[in-house]
Amino acid sequence: MNDGKRPFRIGRIDYANVWPVFHYFDPGRLSGGIEMVYGMPAELNRLLREGEIDLAAVSSFAYGLSAEDYWLLPDLSVSTFGRVQSLLLFLKKPLEQVLNGKIALTATSATTVNLTKIIMEKFYGGHPSYETAEPSLERMMEKADAALLIGDHAIRASWTDHGYQVLDLGELWRELTGHWMTYAVWAVRRDAAAAHPEAVREIYREMVRAKRLAAARPEPLVAEAVRRIGGDSAYWQGYFNGLCHDFGSPQQEGLRLYYRYARELGLMDNAVALAEWSESVSA
């Protein structure tokens, strides 16, 4: 918990899919001091849960496990209606064999790991075994029939001449359910929001401003992605165009369905309320 003796800490996943919220985010526009903490989704999930950071983009699944401790920041998410291009399941064998084979799961996520289990088990009736592995396609495939990669690791692997069949989990989710899929949400700890209401207000407003600016001026994000990750401008324009960073009724409806299936499979115990922060809850 932030006791006021340290800066207000914001967790940032350093994956390209959150850049449209963070690229134009300017801490210099805020009146109070903040500290940015970078990490993989699983690490930021843990830090937010333990109170080491106060606000972050976190895996939707991680929000669901600790929803009673968090407020959702309105209209901020990482969602798609279909193809996502950065949540990929690579198959060494036909899907029919993978369903009862072994799947190597990235150690860097929670939402997509459990989305994989929902798709494999609920929709296809499979019973694969799972093992957690560091995100290296070559090493993962040494011992498994399929491998799940997310984020920039998945993007880079999709560009290699690996010869594997590739399933886009966002595309599969839409085909199977007809719904949006939300992979990450922005959450603030309730105790931090109560202790620092003005900081949360300023940060939220700045994030919404930054998101809108990125939608109007995506060219710097595209150029940064080409420089840091590779590929060409056409790829990244298509990638960013396919992402949605809003969190309206369609995205929320899809996320509630995801939580329902997760409960049915025993992946989480309790129903999840999508409780949004507002200036009144911090007052």
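Scanning the range 253-262 for residues that are under 18 Å from Ser66 (Cβ atoms) and either in contact (Cβ under 8 Å) with a residue 40 or more places away in the chain or outside the structural domain of Leu72 (by TED's automatic domain parsing) (or both) returns Leu255, Tyr258, Tyr259, Ala262. Among residues of the range 147-168 that are under 22 Å from Met181 (Cβ atoms), those with a beta-carbon under 6 Å from a residue that is assigned to a strand (DSSP E or B) and hydroxyl-bearing (Ser, Thr, Tyr) at least six positions away or on a different chain give the pairs Leu148/Thr106; Leu149/Thr106; Ile150/Thr106. Take the conditions at pLDDT 95 or above and either closer than 13 Å to Pro20 by Cα or of a type in the set (D, E, K, R) (or both) and apply them to Tyr204. Does it pass? When the stated conditions are applied, Tyr204 does not pass them.
Scanning for something outside the structural domain of Gln252 (by TED's automatic domain parsing), basic (Lys, Arg) and at pLDDT 95 or above, does the range 142-155 turn up at least one residue? Looking through the range 142-155, none of the residues is outside the structural domain of Gln252 (by TED's automatic domain parsing), basic (Lys, Arg) and at pLDDT 95 or above. Candidates Leu274, Leu243: the one that is surrounded by 14 or more Cβ atoms within 10 Å (Cβ to Cβ) and not assigned by TED's automatic domain parsing to the domain that holds Glu35 is Leu274.
Restricting Gly82, Gly125 to those that are at positive phi and in contact (Cβ under 8 Å) with a residue 60 or more places away in the chain reduces the list to Gly82.
The values are calculated or read from the model by the stated rules, or taken from the named source; none is laboratory data. From a predicted model like this one, the values you see are computed outputs, not experimental measurements. Counting neighbours? That spans all protein chains shown, and the Cβs are built from the backbone with ideal geometry, glycine included.
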